[in-house]
Number of protein chains: 2
Amino acid sequence: MTLLAQPQSMHFAEPLALRSGAALGGYDLAYETYGTLNADRSNAVLVCHALNASHHVAGSYAGQPKSEGWWDSMIGPGKPVDTDRFFVIGVNNLGSCFGSTGPMHTNPATGRAWGADFPVVTVEDWVDAQARLLDRLGIDRLAAVLGGSLGGMQALSWTLQYPQRVAHAAVIASAPNLTAENIAFNEVARRAIVTDPDFHGGHFYDHGVVPKRGLRIARMVGHITYLSDDVMNAKFGRQLRDGIDLRYTTQDIEFQIESYLRHQGDKFSEYFDANTYLLITRALDYFDPARGHGGNLSKALAAATARFLLVSFTTDWRFSPARSREIVKALLDNRRSVTYAEVDAPHGHDAFLLDDARYHAVVRAWFGRIAQELAHV
Amino acid sequence: MTLLAQPQSMHFAEPLALRSGAALGGYDLAYETYGTLNADRSNAVLVCHALNASHHVAGSYAGQPKSEGWWDSMIGPGKPVDTDRFFVIGVNNLGSCFGSTGPMHTNPATGRAWGADFPVVTVEDWVDAQARLLDRLGIDRLAAVLGGSLGGMQALSWTLQYPQRVAHAAVIASAPNLTAENIAFNEVARRAIVTDPDFHGGHFYDHGVVPKRGLRIARMVGHITYLSDDVMNAKFGRQLRDGIDLRYTTQDIEFQIESYLRHQGDKFSEYFDANTYLLITRALDYFDPARGHGGNLSKALAAATARFLLVSFTTDWRFSPARSREIVKALLDNRRSVTYAEVDAPHGHDAFLLDDARYHAVVRAWFGRIAQELAHV
């Protein structure tokens, strides 16, 4: 059965106070829902997205069979997160470029596009905005919040900011904060964008250009870190584009991996907003719930009361299993309920988006138990 | 005792045939020597350099006490490669920007700087040029050839191209070829340089500009891959530049690691040539002695007769121990003499340049044995 997706939008007139001290006035959130909210409004699952994804989590748009949501393998009728049992909500974050209010929209203070003046948003700010959306949808308490990578950080933050509103949290391929190396890769991407002459200090919309050079480099760097060395060797290895003949060129493509990366960079630069890239990588950099607790993650997670699922992937070197284990340990220090699966998968960080049987079996079992509990209330 | 270094230059009038099919006409090689060539000319050690290094391997220049060579901790009087016993030669590779003929020099065919028209050079071409330098210095056979990283590739290639001219080869923190991920990082760096509007198709010299934006990004990416995640966390972690206060900015520096990387990028863009960066990363990409043997490294290394030292470092993820072990295995398949040390060091790929006691002890012992053998001939 095909799940039909329908994008929706909600306007919020009341300002949102941000962690930076700034406030965002009226704003819109783009979202989608799948499945049916039950009578006692207890079966809602919120899905938080990562860097370049959106509210379009599952299903396809009418008449567009190839428009599957980014987590369509995970979410839908009969899938691990079963929309026959759960009411699933996907929401696009503030500052994104896929429908919610972001840098390309009009700054009411100037009448021009926000550009680089869009306020810096944090994971905590996103969670606050998501909570307001739930208020408007009449959902007091989530059966579960679910996210991978940066989405996992939002799921974790939900359990700390609104512990009474989250029964379960699934934190997948995530981390309690970024390492110095993670921040360093983000900084390379940001410098590539910001130093592109077409960036114009973030106000490129006014100039009718896009800092494509910088976006391409940003995406190429990012893409390398999403894959494992092994999967890159298996997929591309040292294959030449022209078969067996070397061309001896420094600027043209010689190896298949170069062709692939350039293609990824080109595609990305066509659809992704440069200011959004800066905002979202910064939200990643900033997330660090232990910061307010002297770096003690166990103290930071004492506020969480949800039951947790943590999943990591053996070849993920961007958000390695060791980082998930830090979260598991901190939760266990607080005697919280935690299910942890370390999945032996070759695909690096990208594994969390892929259809891996063992990974999906874990998520299916965990959500199945939640559905059973809901049925027995 | 301070070792005094003195840069020298040798002109070669006869053209050098390159692997690409092109030929380089008259050219110069910059080099330095340390220690004294013995009477039977049997104590010469050639040191091959890696990406951004030069012929200035050891010692300091007169009146410039802070001008130590890049491997000064390893090479000098009483050091692991003891210049009281060996005659050590450092040579700058063709295409470099530190004295040997390169893209910033005049192309005799046009009367302008070579720029991006400088012929593509390979590890094998460099070794051929180095062999000619040895001819002119009157050295038939090297006591040893020594190199780390890309320099290790040259050392390995020496044993295949001129087996009868190399008694020993030390291949440190190196690999039999680059992985797809290695090539991918090189390609990011090259794209950053080539798409910088100041690159001008490689002829930026004519425009009085330098593609500094691209060089900065290239260096930042490179630098991340030279360090280990652990050492970056130990050195920078999540420290803020302003102490404890977040500034909430996407374009300004927030974390110490950002400050460090920008500084590295800025410094590099002041002294390194963009066309050289393209050439040298390509030489890395191309090196693959097994290519001519159906990918069989054991067959490829059958030509080598030297006695080998291989060293790798546990936290080096750019040229991991597994890659050194491939070389060791291929040599053992051919029943060659191999000493292999896998050094437990935290510094990632950079470890090969650092003064690590266990690492230096291994190199010292290995060269000590060579010196003893020379003394007993």
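Taken about its Cα centre, segment B:51-143 carries a charge dipole of roughly 200 debye when the Cβ of each Lys and Arg holds +1 and the Cβ of each Asp and Glu holds -1.
In nanometers and ordered shortest first, the copy-to-copy spacing of the A:Gln6 label point, defined 7 Å from Cα toward Cβ, is 8.7. In whole angstrom, the protein assembly as shown maps to an equivalent ellipsoid with semi-axes of 53, 28, 23, each derived as √(5λ) from the alpha carbon gyration tensor and ordered largest first. Counting charges near A:Arg41 (Lys, Arg +1; Asp, Glu -1) among other residues having Cβ under 9 Å from its Cβ returns a value of -1. With both labels modelled 7 Å from their Cα along Cα-to-Cβ, the B:Asp135 to A:Met10 distance reads 7.9 nm. With only Cα atoms counted, segment A:5-122 has Rg and Dmax values of 16.0, 49 Å. The string of couplings for segment A:198-204 from the Karplus curve (6.51, -1.76, 1.60, θ = phi - 60°) is 7, 6, 6, x, x, 10, 5 Hz, one whole number per residue in order, with x for Gly and Pro. For chain B, the 222 nm mean residue ellipticity estimated from helices alone, with every DSSP H stretch of n ≥ 4 adding -39500 (n - 2.57) and the total spread over all residues, rounds to -11000 deg cm²/dmol. Accessible surface comparison of A:Asp206, A:Asp288, probe 1.4 Å, protein chains only, largest first: the order is A:Asp206, A:Asp288. The alpha-carbon of A:Lys267 sits under 15 angstrom from the alpha-carbons of these aspartates and glutamates, leaving out residues fewer than 8 places away in its chain: A:Glu258. Computed over chain B, relative contact order equals 17 percent, with contacts defined as Cα pairs under 8 Å that lie 6+ residues apart. One quarter of the surface of the convex hull around the alpha-carbon atoms of segment B:293-348 equals 3.9 nm², the direction-averaged projected area.
Just add up the charged neighbours of A:Pro119: K/R +1, D/E -1, any other residue whose Cβ is under 12 Å from the Cβ of A:Pro119. Combined, the nearby Lys, Arg, Asp and Glu give 0.
Sorted largest first, the principal axis extents computed over the alpha-carbon atoms of segment B:269-367 equal 47, 37, 23 Å. Using Cβ point charges alone (K and R +1, D and E -1), the dipole size of the protein assembly as shown about the Cα centre works out to roughly 920 debye. Couplings for segment B:233-244, taken from phi via the Karplus curve 6.51 cos²θ - 1.76 cosθ + 1.60 with θ = phi - 60°, read 5, 5, 7, 10, x, 10, 4, 8, 5, 9, x, 10 Hz in order; Gly and Pro are left as x. With every protein chain in place and a 1.4 angstrom probe, the accessible-area ranking of B:Ser20, A:Ser60, largest first, reads B:Ser20, A:Ser60.
The GNM of chain B, with springs linking C-alpha atoms under 10 angstrom apart, assigns the highest mean-square fluctuation among B:Asp333, B:Asp135, B:Asp242 to B:Asp242. Taking the accessible area of segment A:191-321, probe 1.4 Å, and keeping the other protein chains in place, the carbon and sulfur fraction comes to 48%.
Taking max minus min of the alpha-carbon positions on each principal axis, segment A:199-293 gives extents of 54, 42, 20 Å, largest first. When chain A is treated as a GNM with alpha-carbon contacts under 10 Å, the residue of A:Val194, A:Val231, A:Val311 showing the greatest mean-square fluctuation is A:Val231.
Projecting the Cα atoms of B:Phe287, A:Ala167, B:Ala375 onto the charge dipole of the protein assembly as shown (Cβ charges, centred on the Cα centre) puts B:Ala375 farthest toward the positive pole. Taking amide H positions as modeled 1.01 Å from N, with prolines and chain starts lacking one, the residues under 5 Å from B:Phe255 and 5 or more places away or on another chain are B:Arg241. Computed over neighbours whose Cβ is under 11 Å from that of B:His56, the net charge equals -3, Lys and Arg +1, Asp and Glu -1.
Separation of segment A:49-107 from segment A:297-360 is 22 Å, based on Cα centroids. Sorted from shortest to longest, the distances between the B:Asp344 label points of this copy and the other copies are 2.6 nm, with each point 7 Å from Cα along the line through the beta carbon. Chain B and chain A together bury an accessible surface of about 5000 square angstrom, both sides counted, with a 1.4 Å probe and no ligands or nucleic acids included. Computed log10 I(q)/I(0) for chain A at 0.09 Å⁻¹: -0.52, from the Debye equation with unit scatterers placed on every C-alpha and solvent omitted.
Contact with the other protein chains removes 20 Å² or more of accessible area, compared with the isolated chain and a 1.4 Å probe, from these residues of segment B:154-186: B:Thr179, B:Ala180, B:Glu181, B:Ile183, B:Ala184, B:Phe185. Computed from backbone phi, the HN-Hα couplings of segment A:252-267 come to 8, 6, 10, 9, 4, 4, 5, 4, 4, 5, 4, 4, 4, x, 4, 4 Hz, rounded to whole numbers (Karplus: 6.51 cos²θ - 1.76 cosθ + 1.60, θ = phi - 60°; Gly and Pro given as x). Less than 5 angstrom separates the built amide H of B:Ser149 from those of B:Ile172, B:Ala173, B:Ser174, all sequence-distant by 5 or more or on a different chain. Of the residues making up segment B:218-238, those losing 50 Å² or more of accessible area when the isolated chain is joined by the remaining protein chains, with a 1.4 Å probe, are B:Ile224, B:Asp229, B:Arg238. Here's the picture: charge each Lys and Arg Cβ at +1 and each Asp and Glu Cβ at -1 in segment A:253-377, and of A:Thr305, A:Pro321, A:Val343 the one pushed furthest to the positive end of that dipole is A:Thr305. If only the Cβ of Lys and Arg carry +1 and only the Cβ of Asp and Glu carry -1, the dipole of segment A:5-75 around its Cα centre is close to 100 debye. Taken per residue, the accessible surface of chain A reaches 36 Å², heavy atoms only and a 1.4 Å probe. When the pairs A:Lys299/A:Lys329; A:Lys235/B:Lys212; A:Lys235/B:Lys235; A:Lys212/B:Lys212 are compared against a 23 Å limit on Cα-Cα distance, A:Lys235/B:Lys212; A:Lys235/B:Lys235 fall above it. Across the accessible surface of segment B:1-54, with the other protein chains kept in place and a 1.4 Å probe, carbon and sulfur atoms take up 51 percent.
Comment: the Cα-to-Cβ extended label point of A:Pro65, at 7 Å, lies 7.8 nm from its counterparts in the other copies, nearest first. Comparing B:Ala22, B:Ala283, B:Ala144 in a Gaussian network model of chain B, where Cα atoms under 10 Å apart are tied by springs, the biggest mean-square fluctuation is seen for B:Ala22.
The values are calculated or read from the model by the stated rules, or taken from the named source; none is laboratory data. All values reported here derive from a predicted model rather than from experimental measurement. All Cβ positions, glycine included, derive from the backbone under ideal geometry; neighbour counts span all protein chains shown. Please note that ligands, DNA and RNA were not included when accessible areas were found on the heavy atoms of the full protein model with its side chains. Shrake-Rupley method; radii C 1.70, N 1.55, O 1.52, S 1.80 Å.
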